[in-house]
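Read the structure below first, then the notes.
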Amino acid sequence: MTSYSLLVVDDERESAELIKRNLECISSCEIFIEHDVERSVERINSAEFEIIVSDYDMGTMNGLQLLDRIENDPSFILFTGKGSEKIASEAISAGVTDYIRKGGPEQYERLRNRVEKVLERKMAERKIKQQGHVLEKRNETLEKFTEISISSAKLEHKIDDILNLGIEYFGLETGVMSNIRAKDCIIQRVRGSRDGVQEGGKIDIEDTFWQTVVESEETVYYNSEFSADTELHPAYGRQDIEVYIGMPIFVKGEIYGALNFSSTEKIGRKIGDEERTMARLMAEWLGNELSIQKSMETAEAKQERLRQIIDNLPQLVFAKDREGKFLLANEAVAKAYGTSVDEIEGATEAMFADSKEEAEGFRKDDINVIESGQPKHIPEEIFTTSEGERRVQQTTKIPYSPVKSNKDAVLGVSHDITEKKEKTQRLEMQSSAMEATMDGIAISDAEGNYIYMNDAHAEMFGRDREYFIGKSWKVLYPETEVDRIEQQVFQKLQEEGSWIGETVGIHRDGTEIIQEITLSLMDDGKIICTNRDVTEQRQSKIELEEKNRRLDEFNSIVSHDLRNPLNVAMGYLNLSNESMTKEDLDKVERSLGRMENIIDELLAVSGDPENFQKEPLNLNEVLKQAIKIGERDLSYDLKDDLEVQASRTGLINIFDNLISNSIRHNEKDVSIEVGTTKEGFYYTDNGKLDSKLEDITDHGFSTSDKGRGLGLSIVKRLADANEWGFKLDKSEDGSLIHKFIL
């Protein structure tokens, strides 16, 4: 708290001590006593006493005479035991602050109240004076700050000036600007005392005031003399700082670092609100300057990248004003004219063009775009290079407003299409040849979409070529074939660059088309496909292979199964009739019956399914008929009734073969079951399956030594002839289930 000095002048010691004791309760006032009047004059004139309490009658000099000899201007209270109207009048005329007569305790209380009033007034006067000083100091600092901020000096020099200004304004030792990255504080600029802080140095911010600034994102202020909790902060001991004020620097909304001022010595005062405001102002200015610098660096970097980009473009990029002067030209333009960018920018096209007519033609288009304010596309124009080579250019020109000029201009981009034009002409000739060929030809792009297809290719699938352009090649194939092409064919194509083989496509009407195709992979990812429809050829081949397979099956049966019972019958017939018994004749009859069954089976295996005559049949009736014809002794369970379209002989043969298998492979009394499913019907028995499902439909497979392995093979073929699906399943109890899908 601010302390004021008060001097009690009284030649009587007891009286002076009493005055002092009555005034000691005023905490803001330090009280001194002087008994020698002459010496009091010296003390008052040589020291700064804010208040004088003096007796009147002091022997060699009275109180008013003392006041007259005081050179400075303290508040003077005449506290006297000798009073009169005359003394009071003289005191007032002499300019005393107050006149109080000594007396009882109430007079000392009155004196104390008067001293407190004087002190309040002096405090107010001091505060006003201090505020005036602070205001004056702030205004001077603001003027200097403004001069620094608007100067044309480099930013680092301006930052140094700001740091020096802050050190002077705050009365501290050191000013620092830092860049904070994660946990590191990079010292960028330092002014004042540099103990332990060097430009370019890196400091771990943990347990430092910098960490507090970053985490709080606000102004941080510590003063060991006035902040009771300062010593609790880790930075107080680590950084040995008595006074610290630090502000975050924001650059484009993000914390860049901190601006701080500090001192390792106590300064005996607080840093006020005005000073903190100044500190924030400095940090905000610095953040704004760094943001501007960053924006300029970004703009310059963008400009440099843009320059690099346009200089690396193969196209001619240029900008010209109304007078034809080049405002911008890339390396391609300079190279075409046989000069440099520096030479061509600022010059006119007439200085470099091959002929006056060519330059005038370009200029005519430029003026047209500038005056109309509309873009112009020039499909073809002749441009002659510095080497005299005539090139075909395709140019686009648009209106352009230069950033650093208020003049109208034109911006243009020219593509050299000489080779493209020649290639187009070659392609047109090739296209005519491709249209004339009988084979299908198509070209797809790198994404697999058709960009060309001749009529022969499109007609193969029952559509016009326009239908396929822009569509994927996948529209011509079923999913399974698409997967095969992507996984197998394209892999070979990528490895070898070409592929020859067959694919199965889908005609518009849903029929399959077998194609012989040749694929060629181009450098740009395009694929050229030539194809030929070989569906009829492949179908004839398949039918021939099927007939040959049936003949092979027929031969296997004739060569083995039919020969065995025939040999048995012939053997017994060769015996003498006198020696043949009834048992022998039964064996001959059984052999012949076996041959008859084999013949029926052969007819089923080798017959043409297309000769089957289909009719509506009751499933249960046909099953009963098959049981009756075979004279089988078995039990059966008909779960449901169902009417089907089938060949009667074929369906009887299906049941006959299934029942024969049930009897042949069942060691106990046979029981069969027939019922319907969502897809068709099923057949099962009470036997147990010991073989794998995938084996038992193979031609020639049998679990019996005497079996021919034709039963289920015949069933499958008869199901195919009736255009049914046929599959096998296994029940939970191990029985074989035969499922027919209608």
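Nothing in this text is a laboratory measurement; each read-out follows from the coordinates by a stated rule. A quick note: this is a predicted structure, and the numbers were derived from the prediction, not measured. Positions of Cβ are generated from backbone atoms using ideal geometry, with glycine treated the same way; all protein chains shown enter the neighbour counts.
For the range 437-533, the Stokes-Einstein estimate of translational diffusion at 37 °C and a viscosity of 0.692 mPa s comes to 247 µm²/s, using the Kirkwood hydrodynamic radius over alpha-carbon pairs. Amide H contacts for PHE76 (H built 1.01 Å from N in the peptide plane; partners 5 or more residues away or on another chain; cut-off under 5 Å): ILE52, THR97, ASP98. Evaluated with a Cβ-only charge set (Lys, Arg +1; Asp, Glu -1), the range 466-538 carries a dipole of roughly 80 debye about its Cα centre, given to the nearest 20. As an exercise, identify the trypsin sites (Lys or Arg not before Pro) in the range 483-533 lying in DSSP coil whose Cβ has no more than 13 other Cβ atoms within 10 Å. Counting only loop positions with at most 13 other Cβ atoms within 10 Å, the trypsin sites (Lys or Arg not before Pro) in the range 483-533 are ARG508. Classify the range 68-194: rounded, prolate or oblate, from the alpha-carbon gyration tensor (a ≥ b ≥ c, eigenvalue square roots; a/c under 1.5 rounded; otherwise prolate if a/b is larger than b/c)? Taking the square roots of the gyration eigenvalues as a ≥ b ≥ c, the range 68-194 is prolate.
List residues of the range 448-466, by number, whose backbone nitrogen lies under 15 Å from a label position 7 Å along Cα→C-beta of GLU486. The answer is 448-449, whose backbone nitrogens lie closer than 15 Å to the label point.
Looking at the range 290-349, the GluC sites (Glu not before Pro) that sit in a DSSP loop and have at most 10 other Cβ atoms within 10 Å of their own Cβ are GLU323. Spatially, the range 138-152 and the range 523-543 are offset by 86 Å when compared through their Cα centroids. For the cross-link pairs LYS320/LYS407; LYS639/LYS716; LYS547/LYS730; LYS335/LYS364; LYS688/LYS730, which exceed 21 Å when the distance is taken from alpha carbon to alpha carbon? Among LYS320/LYS407; LYS639/LYS716; LYS547/LYS730; LYS335/LYS364; LYS688/LYS730, the Cα-Cα distance tops 21 Å for LYS639/LYS716; LYS547/LYS730; LYS335/LYS364. In summary, the aspartates and glutamates within cross-link reach of LYS678, defined as a Cα separation below 18 angstrom excluding same-chain residues under 8 places away, comprise ASP640, ASP641, GLU643, GLU723, ASP729. Every Cα-Cα pair in the range 4-127 was counted, and those over 24 Å apart are 18% of them. Sorted from longest to shortest, the spans of the Cα atoms of the range 315-421 along the three principal axes equal 37, 28, 23 Å. Evaluating kT/(6 pi eta Rh) at 10 °C and 1.306 mPa s, with the Kirkwood radius of the range 151-296 over Cα pairs in the Stokes-Einstein relation, gives 104 µm² s⁻¹. Label-to-label distance for ASP640 and LEU544 is 4.6 nm, based on points extended 7 Å past Cα in the beta-carbon direction. Taking the alpha-carbon distance from LYS122 and a cut-off under 30 Å, which lysines remain once sequence neighbours fewer than 8 residues away in the same chain are dropped? Answer for LYS122, where 30 Å is the Cα cut-off: LYS20, LYS82, LYS86, LYS102, LYS137, LYS266, LYS270, listed by chain and number.
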